[in-house]
Structures are given as C-alpha cells and as structure tokens.
Amino acid sequence: MLSDPIVQRADVLSAQVYRYLKQEILSGRLAPGEKLVESRLAKEFSTSRTPIREALRMLVVEQLVKEGEGSLRVFEPSYADFYEIYELRLSMEPYAAKLAAARWDEDIALRITDNLQQTSAVLEGQRRIDIIQLNSEFHQCIWEACRNTRIQRMLENVSTLIQYYCLLVLRINQLQTNLFAEHTAIWQAIASGDGELAYQRMQDHVEKDLRILDVARQEGRMQR
C-alpha cells in the first residue's frame, strides 16, 4: 500500500531534477565536459541518489549527458557530431520552409511576429538563454507551419540537441549573431508565398553555423 506513493514521489522528483539540469545545460551554466556526480547532486537536492540517477539517465537518452570512463559529463560534441546534426537540418529544414510558404496560417503569423519582436528586444540585452529559446521557438513555428507531421516529428525528436548545439555555436562565435535579420528574411519569404526563396534563405541560415564551426575547427578551438 505504501509503495505507490513513494514511486510517484520519486518519479516527480526525478522529473524536477531532470528539468533543472536540462535548463542548466541549455543555458550554458553547466559547461560542456563538466562532471556530474550523483552524490553531490543528491546532497544539493536533499534527496537519495535514485531520482538523481533517473534524471541523469533521461539526459543521457537525450544526448545532453555522456557516459564514459566511469563518469557522467555534460556532452561536449566534436566537429563530427555538429556536422551530423547540421546535415540532418539541411536535409529537412529548407524543405519545411518551402512547404510553410504555401501552408502557413494567421496563428503562425502572429506567433512568428511576436517571436521576432521579442528576439529584437532580447538581442539588445545579450541574454544568451533567451536568444537560444527564441531561436528554438522560431524554428519550431516553421516546422509546424509546413503541415507535415512526419517532418515535424523527426525535427522535434532532435530539437533539444539542436537547441544545445545552437548555444555552443553562439558561444564559439562570442555572441555575434545576425539572428534577427536572418529570421526576418526567412519569414518574409514564407509570408510572401515564395517557397524557393524561403528554401534558399533557410539553407543559408543553417549553413552559416557550419561556416562558424569550420573556422573554429581550423583554429583548433574545438575537437575534431
């Protein structure tokens, strides 16, 4: 009779720990390569190791945390890791933008307009976590606007990694970004119904990050 409430409490606590650690990683407060120690986290959260272990397991599944050499660390992607996710994005996001040009509706238009207004304001304050969140929301709006549930589902499955990689690219580029101008150009093409232009602008937008990564690799600022 007592086991069910205990299990439910553990599940809730593990979810809380998971959300907290995920936010710390996606904000950059937990740095790539940083070690995550169960005992230390259990003490911080005033709990046993069980919910900590479950939260870390969920982060491993999402690929934000990596197991290796008897420890758990915040994932530090190599250039090859970045390249794989950007190849995936290049194969799907420009086409999603092209479809969105023929399928967007007023709800999407309002959400993107609001997103762009917030992005403009946030960029002035250089609040990294807000920039990353708004970037993620913009792209998710495009995925939704394409009205292809399979494309949307596949991109949603890697949305956390995309968000994390965008954070790291922004850090590599020392917060220098033309995000507002690029997103505005993509939306203008979609809103005008020009699918080919939307495709090209989204492709250019994603490829820009790859060029930043290429420079960082050549300069030895990231692992191969």
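The values are calculated or read from the model by the stated rules, or taken from the named source; none is laboratory data. Values in this document were obtained by computation on a predicted structure and should not be read as measured data. Using ideal geometry, Cβ is built from the backbone for each residue, glycine included, and neighbour counts are taken over all protein chains shown. For accessibility, only protein heavy atoms count, side chains too; no ligands or nucleic acids. Shrake-Rupley method; radii C 1.70, N 1.55, O 1.52, S 1.80 Å.
In the range 156-186, the residue that is surrounded by the most Cβ atoms within 10 Å (Cβ to Cβ) out of those that are farther than 18 Å from residue 90 by Cα and without any contact (Cβ under 8 Å) to a residue 40 or more places away in the chain is 173.
Only one of the listed residues (112, 132, 108) is at pLDDT below 95, part of a helix (DSSP H, G or I) and buried (at least 16 other Cβ atoms within 10 Å of the Cβ). That residue is 132. Of the residues making up the range 24-39, just one is modelled with pLDDT under 95 and open to solvent by 80 Å² or more (accessible area, probe 1.4 Å), namely 29.
The single condition from (1) in contact with a Ser or Thr (Cβ under 9 Å, 6 or more places away or on another chain); (2) open to solvent by 20 Å² or more (accessible area, probe 1.4 Å); (3) free of Cβ contacts under 8 Å to residues at least 40 places away in the same chain that residue 50 fails is (3). Among the residues examined, residue 153 qualifies as part of a helix (DSSP H, G or I) and open to solvent by 20 Å² or more (accessible area, probe 1.4 Å).
Which members of the range 205-224 meet the condition of being in a helix (DSSP H, G or I), open to solvent by less than 70 Å² (accessible area, probe 1.4 Å) and not basic (Lys, Arg)? Working first, answer last.
As a first pass, look at the range 205-224 and keep what is in a helix (DSSP H, G or I): 205-218.
Within this subset, residues satisfying the condition of being open to solvent by less than 70 Å² (accessible area, probe 1.4 Å) are 205-210, 212-216.
Passing the criteria: 205, 206, 207, 209, 210, 212, 213, 214, 215, 216.
Residue by residue, here is whether (1) at pLDDT below 95; (2) farther than 24 Å from residue 157 by Cα; (3) among the charged types (D, E, K, R) holds:
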site	(1), (2), (3)
44	yes, yes, yes
48	yes, yes, no
56	no, no, no
70	yes, yes, no
74	no, no, no
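For the range 64-78, the set of residues classified as part of a loop (DSSP other than H, G, I, E, B) and either farther than 17 Å from residue 19 by Cα or more than 23 Å from the chain's Cα centre (by Cα) (or both) consists of 69, 70, 76, 77, 78, listed by residue number.
Give the range 191-204 a look and list any residue that's assigned to a helix (DSSP H, G or I), among the charged types (D, E, K, R) and either in contact with a helix residue (DSSP H, G or I) (Cβ under 7 Å, 6 or more places away or on another chain) or more than 10 Å from residue 90 (Cα to Cα) (or both), or say none. So that I can check it myself, show each step before the final result.
Looking only at the range 191-204, we keep the residues that are assigned to a helix (DSSP H, G or I), and these are 191, 195-204.
Then drop every residue that is not among the charged types (D, E, K, R), which leaves 196, 201, 204.
Within the range 191-204, 196, 201 meet the criteria.
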